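FYI, it's all coordinate maths here, none of it is from the lab. Remember, predicted model here, so these are calculated numbers, not experimental data. Here the Cβ is made from the backbone with ideal geometry for all residues, glycine too, and neighbour counts use every protein chain on show.
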Ligand SMILES: Nc1ncnc2c1ncn2[C@@H]1O[C@H](COP(=O)(O)OP(=O)(O)OP(=O)(O)O)[C@@H](O)[C@H]1O
């Protein structure tokens, strides 16, 4: 089913149903995500938050329903959607055998960016002096920051971030929150999961979509 797009709806979830191991995680779930939205998918462990993010990102298929990007089913505008999508999963896509700088370079290049001063970008995430450290030798928080560094340099409008604050210290979380606000204000959207409360993004700026663990 193709929906008529509202002008500022970026992502539309249309009656999504997800079943895992014979358990219905969510059923006929629909929502719109607009330009300017910061949306937290919340719910207890195992409720289906990561499953929902992966479906929105087109990484896995729902049992039923579709995801639309700017009015088109994402299975029919995959190139355009992927071009505008930045997905950061649990495992964050950081290679332990590469340095922090090599990881960032790699991630920027596969997203089509080249020739940038990566040391400036790493400075944004407090990794100055660690450019040449192997990611495998970094602390958990520094490892995560290596993955997050690309957020400071992307033109992608849709950010889907699975637990971006994991292992990040308080100041780092606040910097990320400010970046989310800036991104939303410039016409993008952020869809994230976190078990932490946010302190910079206000209740008015944050939309929540709740999933509850179901017993069937
Ligand atoms: N590919 C899969 N195959 C089978 N079961 C899966 C798969 N992916 C997720 N599940 C199951 O679906 C349920 C929801 O998992 P999911 O990772 O989406 O939850 P979550 O809400 O993100 O949890 P958490 O807060 O712990 O990260 C879990 O019971 C999980 O074991």
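For this structure, a couple of remarks:
- When residues of region 62-95 are limited to those that are out of contact with any strand residue (DSSP E or B) (no Cβ under 7 Å at 6 or more places or on another chain) and part of a loop (DSSP other than H, G, I, E, B), the one nearest to the ligand (Cβ to nearest atom): 91
- A single entry from 203, 212 fulfils the requirement of being within 16 Å of the ligand (Cβ to nearest atom) and assigned to a loop (DSSP other than H, G, I, E, B): 212.
- Among the residues of region 142-165, those identified as within 15 Å of the ligand (Cβ to nearest atom), part of a loop (DSSP other than H, G, I, E, B) and in contact (Cβ under 8 Å) with a residue 40 or more places away in the chain are 163, 164.
- Count of residues meeting criterion [buried (at least 22 other Cβ atoms within 10 Å of the Cβ), at positive phi and more than 10 Å from the ligand (Cβ to nearest atom)] in region 22-61: 0
- Residues that are farther than 27 Å from residue 20 by Cβ and in contact with a helix residue (DSSP H, G or I) (Cβ under 9 Å, 6 or more places away or on another chain) within region 203-214 comprise just one, 205.
- Scanning region 96-136 for residues that are surrounded by fewer than 16 Cβ atoms within 10 Å (Cβ to Cβ), assigned to a helix (DSSP H, G or I) and touching a residue at least 40 places away in the same chain (Cβ under 8 Å) returns a single hit, 136.
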